[in-house]
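Each remark here refers to the structure printed beneath this line.
The values are calculated or read from the model by the stated rules, or taken from the named source; none is laboratory data. Just so it is clear, the structure is predicted and the values come from calculations on it, not from any experiment. Here the Cβ positions follow ideal geometry from the backbone for every residue, glycine too, while neighbour counts run over all protein chains shown. Note: areas computed on protein heavy atoms with side chains; ligands, DNA, RNA excluded. Shrake-Rupley method; radii C 1.70, N 1.55, O 1.52, S 1.80 Å.
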Amino acid sequence: MVREVYAAQFEDLASHGYIVAAISHPYDAIVTLFPDGRQIAYSEQRWPKTPSLEGEANLNQLEWHANDIRFVLDELTRANLAGASPLPFVGHLDLTHVGAFGHSFGGMAAAHACQLDRRFKACLNEDGVVAKRPLFLDVRGWAMDQAFMLILHDAPTRPLTDEQVAKMKMQRQRTEAIIKRLDADQEAALRNTGEGSYRVRLRSEKTSHMDFSDLPLLGARERTDAEKRAAILAAVRSYTLAFFDKYLRGMKPALLDQPPTSEFVEAIQRFEPARFPCPTQ
């Protein structure tokens with residue numbers, strides 16, 4: 001998706017004192033406008049065509065997005081030191097407490113940016129998974145040094161029906177073995193972080209993948225639906241704010257240490273900080 005449809009999240013963080021830099025990724029945004037007037041339109045050739053059961057991602061694109069995020073931080077740092085820029089707040093940016101977050105593929109890109117760059121102190125992935133993996137572990141099985149949060153709307157794995165197995169066109173034993181491994185991959189991503197992690201699971205029967213954006217709220221045709229979508233966004237915003245408040249501001253938000261109170265949140269699980277793996281021989 002594009003940055004313009006996440007105003008509810010951006011403005012909420014800004015209202016609590018955060019400075020938010022929202023990024024247009026060239027070739028993936030509908031259009032990217034550069035300061036010199038150049039324009040780059042969206043290109044569908046960047047995306048995989050046919051995902052498999054085990055998931056598929058354009059790893060080059062993941063690198064491009066992560067490097068875009070790092071480039072923005074580079075530019076903010078340069079402008080902040082120079083003290084002369086058309087950007088707002090230049091000279092007053094606290095670049096020692098920076099987080100990265102994104103939705104869908106952007107969530108995986110934010111996670112990868114954190115893996116590549118320790119200037120990001122906290123990383124949040126909103127429903128961005130490839131075959132249940134919110135990020136790709138390195139060769140040591142390590143996720144990242146920083147704190148991590150995954151907010152997702154997928155339900156926990158349940159036994160497959162015969163109809164579901166038939167649609168996958170594989171033997172049940174093989175299908176269940178793949179799903180078991182994918183669940184283990186997600187657990188490994190959450191357990192192997194240096195500062196610990198959280199998994200917030202939304203109720204899949206009440207929420208959708210797009211509820212992290214403004215679009216379902218803006219498209220609501222009835223007041224009851226609009227109120228529901230606003231409440232889902234409020235739940236997402238509350239956990240986003242609590243996570244960054246804890247790891248960027250050193251606060252102790254109670255929300256992260258208590259059972260969910262929102263009807264749209266099924267569970268929150270905390271994973272303790274992991275020990276850094278020994279270097280491979």
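Residue count for region 127-141, restricted to those that are over 17 Å from PHE105 (Cβ atoms) and touching a Phe, Trp or Tyr at 6+ places or on another chain (Cβ under 7 Å): 0.
What about ALA8, is it modelled with pLDDT of 90 or more, open to solvent by less than 40 Å² (accessible area, probe 1.4 Å), part of a loop (DSSP other than H, G, I, E, B) and among the aliphatic types (A, V, I, L, M)?
Values: modelled with pLDDT of 90 or more: yes; open to solvent by less than 40 Å² (accessible area, probe 1.4 Å): yes; part of a loop (DSSP other than H, G, I, E, B): no; among the aliphatic types (A, V, I, L, M): yes.
Spelling it out, it is not the case that ALA8 is modelled with pLDDT of 90 or more, open to solvent by less than 40 Å² (accessible area, probe 1.4 Å), part of a loop (DSSP other than H, G, I, E, B) and among the aliphatic types (A, V, I, L, M).
In the set ARG201, ARG140, only one residue is surrounded by fewer than 13 Cβ atoms within 10 Å (Cβ to Cβ) and touching a residue at least 40 places away in the same chain (Cβ under 8 Å); that residue is ARG140. Determine whether HIS112 is open to solvent by less than 70 Å² (accessible area, probe 1.4 Å), more than 20 Å from MET210 (Cβ to Cβ), at pLDDT 90 or above and within 15 Å of the chain's Cα centre (by Cα). The answer is yes for HIS112. Exactly one residue out of PHE101, PHE136 is closer than 26 Å to LEU182 by Cβ, of a type in the set (A, V, I, L, M, F, W, C) and part of a loop (DSSP other than H, G, I, E, B), and it is PHE136. Report yes if some residue within region 123-130 is modelled with pLDDT of 95 or more, surrounded by fewer than 17 Cβ atoms within 10 Å (Cβ to Cβ) and assigned to a loop (DSSP other than H, G, I, E, B); otherwise report no. Checked region 123-130: no residue is modelled with pLDDT of 95 or more, surrounded by fewer than 17 Cβ atoms within 10 Å (Cβ to Cβ) and assigned to a loop (DSSP other than H, G, I, E, B). Figure legend. Inter-residue proximity from region 252-274: first residues more than 10 Å from ALA235 (Cβ to Cβ) and basic (Lys, Arg), second residues open to solvent by less than 60 Å² (accessible area, probe 1.4 Å) and modelled with pLDDT of 95 or more, beta-carbon distance below 8 Å, spacing 6+ or different chains. Indicated pairs: LYS252/LYS246; ARG270/GLY196; ARG270/SER197; ARG270/TYR198; ARG270/LEU256. Looking at region 31-71, which of the residues that are in a helix (DSSP H, G or I) and acidic (Asp, Glu) is modelled with the lowest pLDDT? That would be GLU44.
Filtering region 229-255 to residues that are of a type in the set (A, V, I, L, M) and part of a helix (DSSP H, G or I) leaves ALA230, ALA231, ILE232, LEU233, ALA234, ALA235, VAL236, LEU241, ALA242, LEU248, ALA254, LEU255.
Of all residues in region 164-187, those that are assigned to a helix (DSSP H, G or I) have Cβ atoms under 6 Å from Cβ atoms of residues that are open to solvent by less than 100 Å² (accessible area, probe 1.4 Å) and small (Gly, Ala, Ser), 6 or more apart or on another chain, in LEU182/ALA131. Across region 155-189, the qualifying residues are those that are open to solvent by 60 Å² or more (accessible area, probe 1.4 Å) and under 22 Å from the mean Cα position of the chain (by Cα), and the one among them that is modelled with the lowest pLDDT is THR157. In region 217-225 there is no residue that is at pLDDT 95 or above and within 20 Å of ALA155 (Cα to Cα). When GLN269 is tested against the conditions (1) open to solvent by less than 60 Å² (accessible area, probe 1.4 Å); (2) polar (S, T, N, Q); (3) in contact with a strand residue (DSSP E or B) (Cβ under 6 Å, 6 or more places away or on another chain), the lone failure is (1).
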